[in-house]
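Remarks on the structure that follows.
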Protein chains: 2
Amino acid sequence: MAEEKKAKKRDAEATKARILQAAKREFAKHGLGGARVDEIADRAQANKRMIYHYFGGKEDLFRIVLEEAYLGIRSAEKKLDLDALPPSEALESLVRFTWNYYLKNPEFITLVNSENLHRAKHIKTLPSLPNAMRGLVGMVENILKRGEDSGEFRKGIDAAQLNITIAAIGYYYLTNRYTGSFLFERNLMEKEALEDRLAFNVETILRLVRS
Amino acid sequence: MAEEKKAKKRDAEATKARILQAAKREFAKHGLGGARVDEIADRAQANKRMIYHYFGGKEDLFRIVLEEAYLGIRSAEKKLDLDALPPSEALESLVRFTWNYYLKNPEFITLVNSENLHRAKHIKTLPSLPNAMRGLVGMVENILKRGEDSGEFRKGIDAAQLNITIAAIGYYYLTNRYTGSFLFERNLMEKEALEDRLAFNVETILRLVRS
DNA sequence: CACTTAATGCACTAACCAGTTACTTCTTTA
DNA sequence: TAAAGAAGTAACTGGTTAGTGCATTAAGTG
């Protein structure tokens, strides 16, 4: 095996990675329709031809970017090890994690929005994703069951609905940060505003599940 | 005053209205970037020239469509007369109204998403909007105050946060209907699923505010 | 009915953009 | 080291699209 060389003149893997990185950024910034293939190539310091060589076309590239985005958040969620925490704390951790992930990976939200504008047509060919999602719902089901057993939580809560709500209360605030800041006449992205919102969200979820 | 004639050959107001209607549809379907001016003109049974004549350009048209969308939902909210209801019922009504409005006016969500992709740059020139929003927050503040006084609601709930949460739990579910249906492996838009979600949302909000 | 003003239609253009063709340069390995 | 194939480049193409110049036609007015 050849050693890794820093200034390699040719490196397919590195070029692919740079293209994906640049594509994630460009798609997140302008959506699928507004993204420019030339801009992705420039920013990746690659030739446009390489995009077609490695990925097929603009929409194929978008598909891979989406897959990475979904698998990325799922893989981070898996590392949480919520089963080691008491139910309330586990749920609170998940709310905090979800919020912070959206905050630190704002492109995730924009990519999902763009994919919904296109009626999920790109991810529909990625069978790994529903599979990954089952894991998330299972995780929350587990927490709910433990909470029920200990009497902390009430019975009959739908894990999928709870999951959706945990995502919703963070996602909505952040995806609408621009119109929201203007309409509510305050900077929703200020440190204090963000802390307030997270605290409010934790409260919302805990009140929703407690007996 | 001339009488309204059905088959008027020239009618500026009617043409403007048809263009706005077609534009709302096209912008909602494809976003600002993906929308086609020719398509708007065709669907409005107007000549493309008219769009530039009446509205200035594509982005100006988008601005007016957004303004109408925001004023539309606010004007519907105003008609709710929530002050006539007991606090809990008033809040429940608002949750149901918000959900149903999004459901019946899906273009509202897509337009807002598109505007956030563009960092709210179009609505920023519309000073009527923050003004209209103050009314909404005021409405919720009123309900909260009445609930506090009667002992039904706990104290110290932020009206803006509650507003955001009421919107969020409906908006997120509906804007992500396509990816959601695929990832959760169920049709989120089925009648029963919609009813379940609305019931869950009412529960979420009432549990959040009750003492 | 003239005459003015506003509404409408058509055909064009300048810019843009996804995708391709034809080529050069580097790397690997037999 | 020579051949083969992979990585990379630049210039181009065909189609699309926002926006316009100019002519035409209808409606309102004195």
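The values are calculated or read from the model by the stated rules, or taken from the named source; none is laboratory data. Everything numeric here is computed off the predicted structure, so don't read it as measured data. Neighbour counts run over all protein chains shown; Cβ positions are idealised from the backbone, glycine included. Ligands, DNA and RNA are excluded from the accessible area calculation, which covers all protein heavy atoms including side chains. Shrake-Rupley method; radii C 1.70, N 1.55, O 1.52, S 1.80 Å.
Scan region B:71-84 for residues that are touching a residue at least 12 places away in the same chain (Cβ under 8 Å) and closer than 29 Å to B:LYS121 by Cα and jot them down.
If we filter region B:71-84 for residues that are touching a residue at least 12 places away in the same chain (Cβ under 8 Å), which is where we start, we get B:71-74, B:76-78, B:80, B:82-83.
Hits for region B:71-84 are B:LEU71, B:GLY72, B:ILE73, B:ARG74, B:ALA76, B:GLU77, B:LYS78.
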Contact list, first residue from region B:186-203 and in contact (Cβ under 8 Å) with a residue 12 or more places away in the chain, second anywhere and surrounded by 15 or more Cβ atoms within 10 Å (Cβ to Cβ) and of a type in the set (Ser, Thr, Tyr), beta-carbon distance below 6 Å, six or more apart or interchain, is B:LEU188/B:SER181; B:ARG197/B:TYR173
Criterion (open to solvent by 70 Å² or more (accessible area, probe 1.4 Å), of a type outside the set (Lys, Arg), at negative phi and free of Cβ contacts under 8 Å to residues at least 12 places away in the same chain) met by exactly one of A:GLU89, A:GLU68, A:GLU59: A:GLU89
Somewhere in region B:182-204, is a residue under 20 Å from A:ARG197 (Cβ atoms), aliphatic (A, V, I, L, M) and surrounded by 19 or more Cβ atoms within 10 Å (Cβ to Cβ)? no
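This table checks each residue for (1) within 14 Å of chain A (Cβ to nearest Cβ); (2) within 15 Å of B:ASN105 (Cβ to Cβ); (3) more than 8 Å from DNA strand D (Cβ to nearest atom); (4) at pLDDT 95 or above.
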position	(1), (2), (3), (4)
B:LYS9	no, no, no, no
B:GLU13	no, no, yes, no
B:GLU26	yes, no, yes, yes
B:PHE62	yes, no, yes, yes
B:ALA69	yes, yes, yes, yes
B:GLY72	no, yes, yes, yes
Per the filter on region B:39-84, residues closer than 30 Å to B:ILE205 by Cα and more than 23 Å from the chain's Cα centre (by Cα) are B:ALA84
For A:ALA22: the one exception among (1) surrounded by 15 or more Cβ atoms within 10 Å (Cβ to Cβ); (2) over 19 Å from the mean Cα position of the chain (by Cα); (3) within 16 Å of DNA strand D (Cβ to nearest atom): (2)
Residue satisfying all of: in region B:77-86; surrounded by 14 or more Cβ atoms within 10 Å (Cβ to Cβ) and part of a helix (DSSP H, G or I); farthest from the other protein chains (Cβ to nearest Cβ) among these: B:LEU82
Can you tell which of A:LYS24, A:LYS16 is in contact (Cβ under 8 Å) with a residue 12 or more places away in the chain, part of a helix (DSSP H, G or I), outside the structural domain of A:LEU126 (by TED's automatic domain parsing) and under 23 Å from A:ASN113 (Cα atoms)? A:LYS24
Unique match (being assigned to a loop (DSSP other than H, G, I, E, B) and buried (at least 17 other Cβ atoms within 10 Å of the Cβ)) among B:ALA46, B:ALA41: B:ALA46
Determine, yes or no, whether B:TYR178 is open to solvent by 60 Å² or more (accessible area, probe 1.4 Å), aromatic (Phe, Trp, Tyr) and modelled with pLDDT of 95 or more. yes
With respect to A:ALA35, is the statement that it is within 14 Å of another protein chain (Cβ to nearest Cβ), more than 12 Å from DNA strand D (Cβ to nearest atom), open to solvent by less than 50 Å² (accessible area, probe 1.4 Å) and small (Gly, Ala, Ser) true? yes
Restricting to region B:142-168, and then to whatever is more than 17 Å from B:SER88 (Cβ to Cβ) and without any contact (Cβ under 8 Å) to a residue 40 or more places away in the chain, can you tell me which residue is farthest from the other protein chains (Cβ to nearest Cβ)? B:GLY156
Boolean, A:SER93 is more than 14 Å from chain B (Cβ to nearest Cβ) and more than 16 Å from DNA strand D (Cβ to nearest atom): yes
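Does A:ARG119 fit the bill of being of a type in the set (D, E, K, R), open to solvent by 10 Å² or more (accessible area, probe 1.4 Å) and more than 10 Å from chain B (Cβ to nearest Cβ)?
The answer is no for A:ARG119.
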Quick one: how many residues across region A:169-188 are in contact with a Phe, Trp or Tyr (Cβ under 6 Å, 6 or more places away or on another chain) and facing another protein chain (nearest Cβ under 7 Å)? 2
Give the residues of region B:94-120 that are over 22 Å from B:GLN161 (Cα atoms), among the charged types (D, E, K, R) and in contact with a helix residue (DSSP H, G or I) (Cβ under 8 Å, 6 or more places away or on another chain), sorted by residue number. B:GLU107
